[in-house]
Amino acid sequence: MDFSSKLYSIESELTQEDLDSLKFLCLDLLPNKKLLSIKSNLDLFKELEKHSLLEEDKYDLLAELLYIIGQHSLLRILGTNKWAMQETLKKNRTVSLYRQMLFQLYEDLTSEDLKSILFLLNIPKKYEENKKFLDILYYLEKNEQLSEDKLDVLEKAVSMVSQELLRKINDYKKTRVKENTSTQSLYDDKMKLSIEVVEQVSSQDRGMKSTVELVQHVSEAANGKDLMDKNTESCMSDLSLNEQSETEVYAMNRKHRGYCLIINNSEFMKSDPRLGTEKDADFLTNVFTWLGLDVQIRNELSTQQICDCLIDFKQRDQTERDCFVCCILTHGKSQAVYGTDNAFVHINKITSYFSTKNCPTLAGKPKLFFIQACQGKTHQGAHAIESDAVSSVEERKTKITIPDDADILVGMSTVDGYYSFRDIRKGSWYIQALCENLTKMVPKGEDILSILTKVNKDVSEMEYSKDRKTSMKQMPQPAYTLRLKLVFPIPLAPFKPLFQETN
């Protein structure tokens, strides 16, 4: 693919939001007036070319920009990937850490946070309307209220809204102090070496050395190449703002991606029906089919039938498959799920079917279990909200354990002892958040644990109240023995929903 074709392929995948992000990140690199007038990503690329920041076979800055905005899948067009960029950016960056820190604030800011910060910053109304946080940051910079060394105004507002966002500012400030200290130390060392060499040469018979030799000695000492390389690499490693280099990933290149088994129970002998569960089943089917898995659904299974179904799959030859996924949608109690007969099976028994000993053809491969079921007593929600729990006289508490064998992940919709919400029109909070984040984050090259962390955040921010006095929340919980990163290969086609959300 030639230079122009690469740029066109990248541009075709970028959105207007991406363009706004790229322009903000380039504010220190391009003339601001020209930059702010740019209307398309191709125009931005041309401006970068004009200033020799983007050339054929010189994609460093573009790759860095794509990495920062999370368009990791597009890095392959430039012949690199997320993991390689993490290593590269430890030693060489173009976008300032200051601007990257501001961009991270923008990405993590909620709409409610933005409203609060706008109020605290006392931004003029005419400028505040329909503006993004990036626009507000530019306004503060333009009016000299914000810069690398001037964070007080922003820091004061953020401190009253979000401690997590404040931590990012504090991390940047600590890193900047460390960088300045390291730079000054490097300068002092270079000057000391230069003086020592000059004094050494002066004390000797200068006739023994030519002018060229003298200059060479002083230059080599002042350059301090070995010292520079060592200090620079150490400093840039510290400036990564919590990035980690993790290059080992599970192989996902076999003949088949794997099975995705969905066990979906709606009707029960002694419990209320799980209305809305079909929404979860449909969404899971659509998403995992898009990810390349062979989805198979089993509806209305008794406890024995659940076990028989799992035994069937663990006995299959899965040598040519990359992974195994099992999604269970049912009622539940602490560390167990229910069949339609209201008998239960413990979660650790479910996962044990697929241990290395019991399922050797999946040895060393990731096995994922996503369980939408309450883990505590019933709490019946008003109107369209229900809880996936079963009231039972028998409340035996058993501790869930991940099998000794590695490569297993259990994603629970809620922590032990608590209920899990399901909307009868839209499906459960957990499964809907899981599916939505898979469709958004897999194309960016994110691993499964990063995705589940985002699911935790999204679900934890949801709430339901039977009345205006009592607020009910939910907190998912993943447990895992994965040894490597699990990154699903990016599907060739974009995700297409099977149904539209109704109001």
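Read the figures in this text as sums done on the coordinates, not as results from a lab. As the structure is a prediction and not an experimental result, all values here were calculated from the model. Please note: Cβ atoms are built from the backbone with ideal geometry, for glycine as well, and neighbour counts cover all protein chains shown.
Observations on the structure shown:
- Ranked by how many other Cβ atoms sit within 10 Å of their own Cβ, fewest first, the residues TRP290, TRP429 fall in the order TRP290, TRP429.
- Ranked packing of 311-320, 450-459, most packed first, by mean Cβ within 10 Å: 450-459, 311-320
- Note on SER5/LYS58: beta-carbon distance plugged into 1/(1 + (r/R0)^6) with R0 of 22 Å gives a FRET efficiency of 0.85.
- For LYS115 and THR15, the difference between the fully extended length at 0.36 nm per residue and the C-alpha to C-alpha distance is 33.6 nm.
- Only the Cβ atoms of Lys and Arg (+1) and of Asp and Glu (-1) were treated as charged; on that basis the dipole of the stretch 412-460 about its Cα centre amounts to roughly 200 debye.
- Burial ranking of peptide ranges 40-46, 158-164, 368-374 (average Cβ count within 10 Å, highest at the top): 368-374, 40-46, 158-164
- Segments 327-336, 131-140 sorted - mean Cβ within 10 Å per residue, highest first: 327-336, 131-140
- Simple spin-label estimate for VAL415 and LYS50 in nanometres, 7 Å along Cα-Cβ: 5.4
- Taking label positions 7 Å along the Cα-Cβ direction at both ASN170 and GLU144, the computed distance is 3.1 nm, reported to one decimal.
- Cα shape, the stretch 101-161, gyration tensor, a/c 1.5 rule: rounded
- Three-way shape label, the stretch 257-345, alpha-carbon gyration tensor, a/c 1.5: oblate
- Whole-Hz ³J(HN,Hα) from phi, Karplus 6.51 cos²θ - 1.76 cosθ + 1.60, for the stretch 347-357, glycine and proline x: 5, 5, 6, 4, 5, 5, 4, 10, 5, 4, 5
- Length released on extending from LYS496 to LYS457, taking residue separation times 0.36 nm less the Cα-Cα span: 11.6 nm
- Among SER40, GLN71, LEU27 the positive-end extreme of the charge dipole of the stretch 3-95 (Cβ point charges): LEU27
- Close amide H contacts of THR340 (hydrogens built in the peptide plane, cut-off under 5 Å, sequence separation of 5 or more or a different chain): LEU301, SER302, THR303.
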